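Have a look at the structure below, then the notes.
Computed from the coordinates by the stated procedures, all read-outs in this text should not be read as laboratory data. From a predicted model like this one, the values you see are computed outputs, not experimental measurements. A quick note on method: Cβ atoms are made from the backbone with ideal geometry, for glycine too, and the neighbour counts reach across all protein chains shown.
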Amino acid sequence: MPTKKNGDSQINLHELQSRLKESATYPRQVIAEIQRAAETGIYDIRGWGAKRSVPNFDDLLFLGASMSRYPLEGYREKCTTSVTLGDRFASKPIELKIPITIAGMSFGALSGSAKEALGRGATIAGTSTTTGDGGMTPEEREHSELLVYQLLPSRYGMNPDDLRKADAIEIVVGQGAKPGGGGMLLGQKISERVAGMRDLPKGIDQRSACRHPDWTGPDDLAIKIQELREITNWEKPIYIKIGAARPYYDTALAIKAGADVVVLDGMQGGTAATQDVFIEHVGIPTLPALRQAVEALQELDMHRKVQLIVSGGIRSGADVAKALAMGADAVSIGVAALIALGDNSPAFEKEYNSLGTSAGFYDGWHEGRDPTGISTQDEELAARFDPVMGGRRLANYLNVLALETQTLARANGKSHVHNLEPEDLVALTIEASAMAGVPLAGTDWIPGKK
Amino acid sequence: MSLEYDLASGSTRELNKKLHALGIANKTDKICVTNPNGAHALAVGLTRPLKVNIKGHVGYYCAGMNQIAEVNIDGNAGPAVAENMMSGYVTVTGNVSHYAGATSHGGTLLVCGDASSRCGISLKGADIIIKGNVGHMSAFMAQTGRMVICGDAGETLGDSIYETKLYVRGSIASLGTDCVQKSMTEKHKNELETLLISAGITGADAAEFNRFGSARKLYNFKVDNADAY
């Protein structure tokens, strides 16, 4: 029996634990946060996305083939994964080999070599990667066959030459981790190069605005899109990225404003640095957001005409297949891509421990002390990261996602992953059934539908 | 080469295509655009040494993301004229709406009339010269570059300003958070005189202006400054 010395008395820990009653209202994590807030006087800022449990793709199942649905032969019968994005108005839409893209992450939040690895991995897998706040680096452009250039409220590094070099333009209205919030890149990550790209002095906190500086509302946005199209000769697909706040209306308004592609980011989507209270308490999960966005597309007769990319908690081919079955045209990954590069690797456990954390829990991406060299501007740490190896790891992971998606599509008798449909899905819980709009398993019942 | 383009019988798309194709031989082409009638996104994304003269009022984003070209708007301009300009020179003979010169990195925007709210928002290096007054929240989060306001400024001028220099001749309704008056040294007077002369402004003496900029108290987040946000 384990014992522990406490003064002169011996305490039986097993007995103690069985007698102690933890408060449901004040569990240990809540107590620790109150104590931390009292000590520091500032809210908790961290990276990653929502860590709370919410209904998600794990709460859905595929039915698979049966008497009335014929499966396709694995490794023999073709199941294609290609997707075209942006053919509504753009003269040069994007062709992806797989329906999985890399989400926008900034040079500044990530090291230059990590950005390069994202480009390398995406290119090997035949998909696109995306810039972020702070502009486009030459390394990123060079190593990304298909690069989406973000137009963000801060306009840090916004340059018409880079706009013309991009393969698509993504106007960022919101982000799933913080719909309605801006950002802050803390001074310790502002190296000379990052500062130069953002036209600000080195070492100061860089506030990323929460609203665009030159338009307000969807009517203005339509004109902003016209300007971007005029500058780029109507060649580039225009994406509009929204955080999952009011996805039905926001998707409808994005379509009205003239988007070629809507990017919808659920609350599980990652961030480089945001207040914990914002990440955990604003926005809705990816599951209901996706259903509402698809409903808006269908009601406007724009489903499959304006493409929908969904992100926020996509981890496996099962997640990809379920998102496509619910009506998405493609998905996007951020946190999972960083993990594939090596983030939170157990190989760095000792260094994580020295930062007061552990592999699998590290979310201090804003602090610039990432031992893997991924979310840092510290040259010594960044030099640890090999962009060629990182790119290979990401490509491997993307290939696995694609293979898993194909496996599930074939099992449901689909020769293209886009042929997956809501009819192939059931839900394990009443909540997921209501949110995803698919029946509770073993019933014909969808809460809220007659 | 000197050309004319009539938007009454043409289109924005056709005009911009024409403008993007001009100036290839590295010589300054001139083009006069008539009947703009408030059209949006005119003369955007120019990259060559053109001289564009637009006779009339324009809508949103005229001369947006300009590089090198000189654009003269003989009238009023709608929101975000010369937004994100990189270089070149944009002149508006009349008044301008919100967000004039927003996020501009370089070049000069000269407004002969008044500017509405948020003029020079997130300015990133350009010079903005306003002969008249500017509206509220002008130079909000302005990062670098210079703004010369020959008239009065509205409420919360320079809120959350970084390193942009503001020269104001008239009254200021109020200064924004972290924006303070700074000393007007000979160096600053000389800098301002050069700007005024380059803009052809003869009726204003540099000695009549005051200089404003950042107190730099909000550059790094401190919880004790929370009341300022």
Any idea what the alpha-carbon Rg over 2.2 N^0.38 Å comes to for segment A:57-436? 0.95
What whole-number value in cubic angstrom gives the convex hull volume per residue for the C-alpha atoms of chain B? 115 Å³
Derived scalar couplings ³J(HN,Hα) [segment A:273-289; Karplus, 6.51 cos²θ - 1.76 cosθ + 1.60; whole Hz; x for Gly, Pro]: 6, 8, 5, 4, 5, 6, 4, 8, 10, 10, x, 10, x, 4, 4, x, 4
What full-extension length gain, to one decimal in nm, is calculated for A:PHE361 and A:GLU145 as 0.36 nm per residue of separation minus the Cα-Cα distance? 74.5 nm
Charge dipole (debye, nearest 20) of chain A; +1 at Cβ of Lys and Arg, -1 at Cβ of Asp and Glu: 460 debye
DSSP-assigned coil residues among trypsin sites (Lys or Arg not before Pro) in segment A:152-257, each with at most 13 further Cβ atoms within 10 Å: A:LYS202, A:ARG211
Once you average over the residues of B:57-66, how many Cβ atoms of partner chains fall within 10 Å of each Cβ? 4
Charge dipole of chain B about the Cα centre (unit charges at C-beta), most positive-ward option of B:ILE197, B:LEU218, B:LEU3: B:LEU3
Please find the FRET efficiency linking B:THR28 to B:THR144, where r is the Cβ-Cβ separation and R0 is fixed at 22 Å, and quote it to the nearest 0.05. 0.15
Highest-MSF residue in chain B out of B:ALA21, B:ALA80, B:ALA215 [GNM, Cα springs under 10 Å]: B:ALA21
Kindly express, to the nearest 10 degrees and within the range 0 to 90, the angle between helix B:12-21's C-alpha long axis and the longest C-alpha principal axis of chain B. 90 degrees
Name the trypsin sites (Lys or Arg not before Pro) in segment A:279-358 that are in a loop by DSSP and that have at most 13 other C-beta atoms within 10 Å, would you? A:ARG304, A:LYS305
What is the list of residues in segment A:382-414 whose amide nitrogen lies under 18 Å from a point 7 angstrom out from the Cα of A:GLU73, following Cα to Cβ? A:407-414
Once amide H atoms are placed 1.01 Å from N in the peptide plane, what residues at a sequence separation of 5 or more from A:SER208, or on another chain, have their amide H within under 5 Å of its amide H? A:GLY183, A:MET184, A:LEU185
Restricting things to alpha carbons, tell me how big segment B:114-185 is in terms of Rg and Dmax, in Å. 10.3, 29
Between B:GLY38 and residues 5 or more places away or on another chain, which pairs have amide H atoms under 5 Å apart, with H built 1.01 Å from N, and which residues are they? B:HIS57, B:VAL58, B:GLY59
Unit charges on C-beta of K, R, D, E only; dipole of segment A:58-212, Debye: 240 debye
Distance cut-off 18 Å, percentage of C-alpha pairs in segment B:34-151 lying past it: 38 percent
Picking from A:THR407, A:THR274, A:THR357, which is most flexible by a Gaussian network model of chain A using Cα springs under 10 Å? A:THR357
Quick one: helix B:186-198 against the long Cα principal axis of chain B, what's the angle to the nearest 10°, folded into 0 to 90? 20 degrees
For segment B:2-228, with the dipole built from +1 on Lys and Arg beta-carbon atoms and -1 on Asp and Glu ones, taken about the Cα centre, which of B:GLY106, B:GLY132, B:GLY151 lies farthest toward the positive end? B:GLY106
Farthest toward positive dipole pole in the protein assembly as shown [+1 Lys/Arg, -1 Asp/Glu at C-beta], among A:ALA347, B:ALA80, A:TRP365: A:ALA347
So if R0 is 51 Å, what FRET efficiency would A:LEU20 and A:ASN396 give, r being the distance between their Cβ atoms, rounded to the nearest 0.05? 0.65
Distance from segment A:344-359 to segment A:113-186 (C-alpha centre basis), Å: 29 Å
Distribution of pairwise C-alpha distances over segment A:214-335, 10 Å bins, in %: 14, 42, 34, 10, 0
Translational D (Stokes-Einstein, µm²/s) of the protein assembly as shown at 37 °C and 0.692 mPa s when Rh comes from the Kirkwood sum over C-alpha pairs? 122 µm²/s
For peptide B:141-147, how many partner chain Cβ atoms fall within 10 Å of a residue's Cβ, on average? 2
Within 10 Å of each Cβ in B:99-108, how many Cβ atoms from other chains are there, averaged over the peptide? 3
Enter the Cα centre distance for the pair segment B:168-229 and segment A:361-382, rounded to the nearest angstrom. 38 Å
D (µm²/s, integer) via Stokes-Einstein for segment A:320-427, Kirkwood Rh across alpha-carbon pairs, 20 °C, 1.002 mPa s: value 134 µm²/s
With respect to the cross-link table entries B:LYS30/B:LYS189; A:LYS115/A:LYS414; A:LYS97/A:LYS256; A:LYS236/B:LYS30; A:LYS115/A:LYS202, which display a Cα-Cα separation exceeding 25 Å? B:LYS30/B:LYS189; A:LYS115/A:LYS414; A:LYS97/A:LYS256; A:LYS236/B:LYS30
Given a Förster distance of 30 Å, report the FRET efficiency between A:ARG211 and A:SER415 from their Cβ-Cβ distance, rounded to the nearest 0.05. 0.10
Applying the Karplus parametrisation 6.51 cos²θ - 1.76 cosθ + 1.60 with θ = phi - 60° to the phi angles of segment A:406-411, what ³J(HN,Hα) value in whole Hz is obtained for each residue in order, glycine and proline being reported as x? 4, 4, 6, 5, 4, 4
I'd like the antiparallel share, as a percent to the nearest 5, of DSSP beta bridges with both residues in segment B:2-228. 15 percent
